[in-house]
Structure formats: C-alpha cells, structure tokens
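These notes concern the structure reproduced below.
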Amino acid sequence: MNKQSSDPALLLFFSAFSISLVIALVSKFKSIPGPPYGGDLYFHTGIAQAIMFGNPPFRDPTNVGEYAFYPWLYHLIVAFLGKILGIFFVVTKVVPILILTLSMLVLYQIARENFNRRVAIVAVLIPLALKFPEAHPRALLSMVMIPLFYLALFRFSRDRDVKNSVFLGVSWGLAGLTHVLGTFGAGAILLTKTVMDKIKRMKIKYNIVAIAIGVTILLLFWGPLLFVYHAKTPNPYQELVMRHFTLPEFIVSFLTFPLSFSGLKIFLGMLTIPGIILGLIRYRDVFLPSLLGILGAGVLFIVLGDNLVAYKLSSYYFTLNALAILESLNWLSENLKWSKIMPLAVILLMGTSAITVGDYANSPWTAIGFKDPWYNDLRCWILTNSDVNTVFLSSYESSFFLFSISGRKTVLFRRTHASPFVDYDKRSLDIAIALAGNDTEESLRILKKYNVAYIYIDSFTKRDPIWVPYSPISTPASSEKKELSAELDMSCMTLQTLRA
C-alpha cells in the first residue's frame with residue numbers, strides 16, 4: 001500500500017479515535033451535565049425546548065411579547081433534532097458528537113486547501129485536543145462557526161471574487177446568529193482587514209459585499225434589538241457579569257493565549273507559539289487582521305464598559321491555536337522527515353484529546369450528568385398542564401429552573417441569564433406588591449398584567465432572600481389563579497396541585 005492510498009484509512013482512524021472518546025463519555029450521561037439551577041447547558045436547553053414547542057426563534061423564549069435576546073441558530077438546530085430524537089437525548093448525546101464532527105470537517109478542509117495533505121490528515125485530531133464539544137452555543141461558535149469563517153477568509157484572501165465574498169459574508173452572519181461574539185469578533189476581523197486592504201490601496205468592493213451580506217443576515221437577530229428596543233438595556237446584564245475583568249487582564253490573556261493550556265496540555269505550546277509566528281509570515285493577510293481585530297475589539301469594549309464581550313473574545317483562541325498548530329506541523333512536514341515527526345504529533349494530539357475528555361468528565365458539574373434527572377415528574381406535569389405561552393411566577397433561581405426543564409414562560413428570571421432588554425427591577429417591584437400587599441384587587445391586576453397562570457414554590461424559593469416570603473394567608477385568592485406547590489430535594493419530590 002503506498003502513502004497516497006493509506007491517507008483515507010488514516011483519516012478515518014484519527015476521526016474515529018476522537019469521536020469514540022466523546023461517545024465513551026456522553027453514553028454515560030443520564031441527564032444534562034450541569035446544575036438545573038443556574039447551569040448554562042440547562043438554560044440553552046430551555047430555549048431549544050421553547051422553540052420546539054412552538055415559540056418563534058425571533059421571540060423571547062422566557063417572556064411573553066418580547067423579542068429574542070440570545071442568538072437562536074444553535075437552539076433552532078437542537079429544537080429540530082429534539083423534535084425527532086427527543087430533546088434531552090439530543091443535548092446529552094447527539095450535539096457533542098455533531099459539533100466535534102463538524103469541527104473536524106471544517107479544520108480538515110482548511111488544512112487541505114492551505115497546507116499539505118499530510119497535515120490535513122492530522123488536522124482532525126486538533127479539535128478535541130483543544131476543547132470538549134459540550135452542548136452550548138459557544139462551543140458551536142468556537143469549534144465550528146469561527147473555523148468556517150476562517151475557511152472563507154482564507155479563500156477570500158487568496159481569490160477575491162463574488163463567490164468568496166458571499167461565502168465570507170454568510171459565514172459571518174451564521175457566526176452572529178450562533179452567539180453575539182460571532183457578530184463582534186468576526187466583524188472586528190473583517191473590518192480590520194478591510195481597513196488594511198484600503199491602506200494597501202487594494203480594491204475593497206468585494207469586502208463591502210461581504211460586509212453587506214453579513215449585516216443583512218445579522219439583522220435577523222439584531223434588528224428588533226436595535227429598532228424596537230433601541231439597544232437600551234434596563235437589565236444591565238453586561239454590568240452584572242465579568243465586571244472585574246480589566247484592560248490589563250485582557251491584554252495579558254491576549255498575549256498569552258498560545259499558552260492558555262493547563263497540565264500536560266502545555267506541551268501544545270511547542271506548536272502554537274511558533275505557529276503564530278509562521279502564520280504572520282505565510283498568511284499575513286489572515287493572521288494579522290485577526291490579531292489586530294481581536295485586540296482592538298477587546299480594548300474598545302472594555303473602554304465602553306462591556307467587559308463581558310472582551311472576556312468572551314477568548315472564543316477565537318480555539319481557531320487561532322488550531323491554525324497555529326497546522327502552521328507548525330506544515331513547517332515540520334516540509335523541513336524534517338515526516339515519518340519521524342508524524343508519530344510524535346499524533347501521540348501529542350491523541351494524548352491531549354484524552355486529557356480534554358478526562359478533564360471534562362471530572363468536572364463537578366459534569367458529574368451531575370451521571371445521575372438520573374430528579375425533576376421528571378414535575379416536568380411531565382408542567383408539559384401536560386400548560387403550553388409554551390403559559391406563564392409561571394416564582395423566584396429568580398426557581399424561574400430559571402422551571403424554564404430550563406420545560407421552556408415555559410416566567411415573570412422573573414435569574415438576572416445574569418435574563419433578557420437585558422426587559423425591566424426586571426420594575427417586575428420585581430410589581431411582584432412584591434402583588435404577593436405581599438394588602439390590596440387584593442391590585443394584586444390580581446398585576447398578576448393578570450403578567451399573564452400569571454401558576455405560582456411555583458420550592459425549597460430554593462423559600463431560601464431566596466430576594467423573593468417575597470410565601471404565605472397562603474396573604475396571597476390573594478382567585479378562581480383565575482392556580483398555585484403549584486412542590487417540596488423538592490435531590491432524592492425525593494412530592495408534587496401537589498392547589499387551586500385557590
């Protein structure tokens with residue numbers, strides 16, 4: 001068998017190795033690997049469920065009458081698959097494998113078009129060596145959509161024409177419909193490249209085509225936020241999360257991202273550091289606007305007070321490190337004997353892939369996924385006795401939980417996951433009056449205003465210092481209002497329906 005004919009076999013073997021590692025872990029999951037109170041994976045599962053049960057993607061899944069505040073492409077995909085296979089099966093078992101497979105395909109294509117075939121074969125080992133493909137929009141962004149954007153950017157830099165400018169614009173748009181960082185990061189890179197091209201006196205008409213197409217697609221999500229809400233955020237989510245992340249910290253994280261590995265994975269730095277340098281030499285039109293664009297965007301957002309966006313720009317480091325590894329492997333394959341280098345590279349990437357899976361498996365949040373879901377009876381009751389527009393009233397954390405397991409609407413919500421465009425201070429004041437006030441007529445007016453169908457009380461609600469203490473005596477009675485009371489713990493659940 002010659003080297004050329006062995007390529008497909010090696011490609012299949014390397015791909016199967018990575019996929020098998022992920023399957024070995026996710027096959028053990030009995031529930032979503034994360035906390036149902038406050039966990040990101042549960043939150044995004046809630047959005048997907050809302051869409052699956054009929055909530056339009058462009059509408060707020062947590063509130064009646066509002067617009068989507070989180071890009072919805074990931075959730076739309078999960079909802080479609082969930083309709084066929086079951087939402088929790090898709091989230092726990094299908095999505096990680098799907099994200100990894102797509103990531104390997106895109107990186108393989110980048111390597112095949114821009115490096116030699118030997119490097120392309122090894123490229124499929126890189127995604128899992130760098131990151132675990134958890135069921136989260138950020139994983140889809142960093143492992144699939146940003147690499148797809150770079151595949152388009154490489155093609156555009158090599159051959160500026162209508163086809164490649166359309167591909168570049170569409171890839172930017174898809175990244176932005178997946179995560180807000182897809183809008184800001186890729187947008188900063190594309191704008192930086194356009195400015196650099198203009199400085200070099202190059203024609204930028206195809207750059208403008210790409211930007212116009214990208215913006216058009218992005219308006220599917222951003223349109224209502226800009227033209228209906230006018231970008232006003234009465235719930236300043238961006239000020240509640242990562243406010244402590246400072247400009248010096250961002251600069252340090254940016255300068256050290258090729259070494260942003262822990263434990264034995266630090267050996268990847270032997271490939272990433274020289275790879276960045278090689279990239280700036282060989283593919284200056286791709287690497288330089290990328291580095292300058294991300295750096296400039298991070299500094300700008302911190303100056304504007306949105307530290308969270310600057311912090312989340314780290315989503316781009318996955319692709320930059322992957323490209324750096326490809327650059328180093330390409331140089332080694334062309335300057336040294338590949339038959340000796342390849343086994344070392346394969347061992348390094350396979351070993352770090354195993355570490356990636358092991359680290360994820362040993363996370364305390366992941367450990368929750370090895371246990372049976374304790375809320376099945378409650379979820380079944382909710383789905384049986386309500387529809388996607390039914391509104392539940394509970395505390396911030398318990399509202400998050402209810403939404404995450406059912407996709408149902410709420411009045412309040414966990415503030416760091418809630419829509420920035422909804423005035424939760426006003427809602428909190430209204431609910432305090434409704435539940436603790438002495439004016440029954442006013443209480444009922446407020447509950448009707450928010451379309452409340454059920455009030456939900458659990459042990460978390462009772463411990464919430466912000467929540468108005470529940471008292472059956474002081475709660476207004478009405479035939480229009482139903483109350484669901486549940487005592488919950490991790491080992492048992494007693495569900496009782498009360499009608500006032």
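Numbers below:
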read-out	value
Ordering of 161-170, 119-128 by burial proxy (mean other Cβ atoms within 10 Å per residue, highest first)	119-128, 161-170
Long-range HN-HN contacts of LYS409 with modeled amide H, under 5 Å	THR390, PHE392
Estimated inter-spin distance, LEU85 and LEU255, nm [label 7 Å along Cα→Cβ]	4.5
Exceeding the 19 Å Cα-Cα cut-off - candidates LYS28/LYS93; LYS163/LYS200; LYS232/LYS409; LYS409/LYS448	LYS163/LYS200; LYS232/LYS409
Calculated FRET efficiency for the pair LYS462/ILE281, C-beta based, R₀ 60 Å, to 0.05	0.45
Full-extension gain in nm, LEU219 to LEU429, via 0.36 nm per residue minus C-alpha separation	72.3 nm
Modelled FRET efficiency - R0 56 Å, ILE273 with ASN389, Cβ distances, 0.05 increments	0.60
Peptide ranges 91-104, 361-374, 177-190 listed from the most packed, as the mean C-beta count within 10 angstrom indicates	177-190, 91-104, 361-374
Relative contact order (percent, whole number), the chain, Cα cutoff 8 Å, 6+ residue spacing	20
Only Lys, Arg (+1) and Asp, Glu (-1) charged, at Cβ; the stretch 1-133 dipole about Cα centre in debye	440
For peptides 16-26, 269-279, 142-152, sequence by mean Cβ density within 10 Å, most packed first	142-152, 269-279, 16-26
Residues whose placed amide H lies under 5 Å from that of THR233, excluding near-sequence neighbours	none
Per-selection Rg to Rh, the chain - Cα, Kirkwood hydrodynamic radius	1.01
Potential lengthening between LEU10 and ILE23 on full extension [0.36 nm per residue; Cα-Cα distance subtracted]	2.7 nm
Sequence of TRP72, TRP381, TRP331 once ranked by neighbouring C-beta atoms within 10 Å, starting from the fewest	TRP381, TRP331, TRP72
Per-pair calculated FRET efficiency, R0 = 35 Å: ASN362 and ARG117 via Cβ, rounded to 0.05	0.45
Within the chain, helix-based [θ] at 222 nm, where runs of 4 or more DSSP H residues each add -39,500 (n - 2.57), nearest 500	-19500 deg cm²/dmol
Under 5 Å, built H, 5+ apart or other chain: amide partners of HIS179	none
Dipole magnitude of the chain, debye to nearest 20 (Cβ charges: Lys/Arg +1, Asp/Glu -1, about Cα centre)	1620
Net +/- balance of residues flanking PHE184 in space, Cβ distance below 11 Å, scoring K and R +1, D and E -1	0
Residue-count net charge about ASN114 - beta-carbon cut-off 15 Å; Lys, Arg +1, Asp, Glu -1	+2
Extension gain (nm, one decimal) between VAL299 and LYS198, 0.36 nm per residue minus Cα-Cα	34.1 nm
Amide N of the stretch 59-96 lying under 16 Å from the label point, which is placed 7 angstrom from the Cα of PHE227 along Cα→Cβ	59, 67-68
Farthest toward positive dipole pole in the chain [+1 Lys/Arg, -1 Asp/Glu at C-beta], among GLY296, GLY185, ILE126	ILE126
Charge dipole of the stretch 310-427 about the Cα centre (unit charges at C-beta), most positive-ward option of TRP374, THR319, PHE392	PHE392
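Each reported figure results from applying straightforward, stated rules to the coordinates on display, with no laboratory input. Since the model is a prediction, treat every value here as computed from it, not as a measurement. So basically every Cβ, Gly included, is an ideal-geometry build from the backbone, and we count neighbours across all protein chains shown.
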